[in-house]
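This report refers to the structure that appears directly beneath it.
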Amino acid sequence: MRRIFIILGFATCTVFALLFYQYHVQQQEAVQLQTYQTVMQEKMALIYEQAQDWLTPMNVPIQDERLKDDYQVIANFVLTQMIENTEARNAYLRELHALNWHKFLDIERLEQDRQQNYSQTKQMLQQVHSLTDRYQQQNEQRVQLALEQAKNLPIKARFRQQLADSLRESQKSDQTHALFELEQQVLLKAESIFGILQQYKWMRKNQTFMFYEDQAVQQFNTLYREIFQLNAQMEQIKKQNARAVEQKL
């Protein structure tokens, strides 16, 4: 089975780093704003670089002595949100990998597990469902917590308002959510394929499932083709996100 879950949930967070571009800042803030933008671009580049290695926990320093007052508070908040969201995504991928989800439809594994009435595969499905449910719930909680925190940051009122507005806008254009929905569809289709393997008699020929009934062949091929198409959609979104991030760095 193709590694379907390796999608970087980073690009949607970068809107925060540009939140002040909409302001006509006062002259005394111009230098601070430019410094803020420089620092954020450097930090974003570091986050982006580390985030691509989802197997390794991130280690990005947030504090920067070049920033002061409101800009330091805002940078800390924005960077913390970016790092937490990205690390939550990568931790989710690491847990899926630890469950051997990338080998769910591995024919050799399934052939061996068939001798045990697919006990390993059934357990894997249960664990993956629990993991995805928990990840979704935690994401929703992070979104709400971030909004509440943004409203109470010790910064100028106009900055708080703009930051809260940026958070809401980012949710509307959140590609990570779209990717997660596609992943959930893949999970359901993979589960349906497993149902076919349980229902119909099959044998392994090299790395191919060989069924004894035409109906099973048609159902299996249709589902596998749909998984391939979903995977292609996710890869396209991943590439678009990467290009969008790189253009901003």
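The values are calculated or read from the model by the stated rules, or taken from the named source; none is laboratory data. Everything numeric here is computed off the predicted structure, so don't read it as measured data. Neighbour counts run over all protein chains shown; Cβ positions are idealised from the backbone, glycine included. These accessible areas exclude ligands, DNA and RNA; they are computed on the full protein's heavy atoms, side chains included. Shrake-Rupley method; radii C 1.70, N 1.55, O 1.52, S 1.80 Å.
Filtering the stretch 190-209 to residues that are small (Gly, Ala, Ser) and either outside any helix (DSSP H, G or I) or out of contact with any helix residue (DSSP H, G or I) (no Cβ under 8 Å at 6 or more places or on another chain) (or both) leaves only Gly195.
Table: residues versus (1) open to solvent by 30 Å² or more (accessible area, probe 1.4 Å); (2) closer than 18 Å to Lys103 by Cβ.
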residue	(1), (2)
Leu187	no, yes
Ala190	no, yes
Gln198	yes, yes
Lys201	yes, no
Arg204	yes, yes
Phe228	yes, yes
Ile237	no, no
Gln240	yes, no
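Here Leu179, Leu187 are screened, and the one residue that is touching a His at 6+ places or on another chain (Cβ under 8 Å) and part of a helix (DSSP H, G or I) is Leu187.
If you go through the stretch 94-112 and keep only what is part of a helix (DSSP H, G or I) and either within 27 Å of Leu153 (Cβ to Cβ) or open to solvent by less than 10 Å² (accessible area, probe 1.4 Å) (or both), you end up with Leu96, Trp101, Ile107, Leu110.
Set side by side, the residues Thr80, Thr121, Thr86 differ, and just one is of a type in the set (Val, Ile, Thr), within 18 Å of Phe209 (Cβ to Cβ) and in a helix (DSSP H, G or I), which is Thr121. Is the stretch 174-184 home to any residue that is open to solvent by 90 Å² or more (accessible area, probe 1.4 Å) and either among the polar types (S, T, N, Q) or within 30 Å of Glu42 (Cα to Cα) (or both)? So far as the stretch 174-184 goes, yes, one or more of its residues are open to solvent by 90 Å² or more (accessible area, probe 1.4 Å) and either among the polar types (S, T, N, Q) or within 30 Å of Glu42 (Cα to Cα) (or both). Please indicate, with yes or no, whether at least one residue in the stretch 126-139 is open to solvent by less than 50 Å² (accessible area, probe 1.4 Å) and in contact (Cβ under 8 Å) with a residue 60 or more places away in the chain. There is no residue in the stretch 126-139 that is open to solvent by less than 50 Å² (accessible area, probe 1.4 Å) and in contact (Cβ under 8 Å) with a residue 60 or more places away in the chain.
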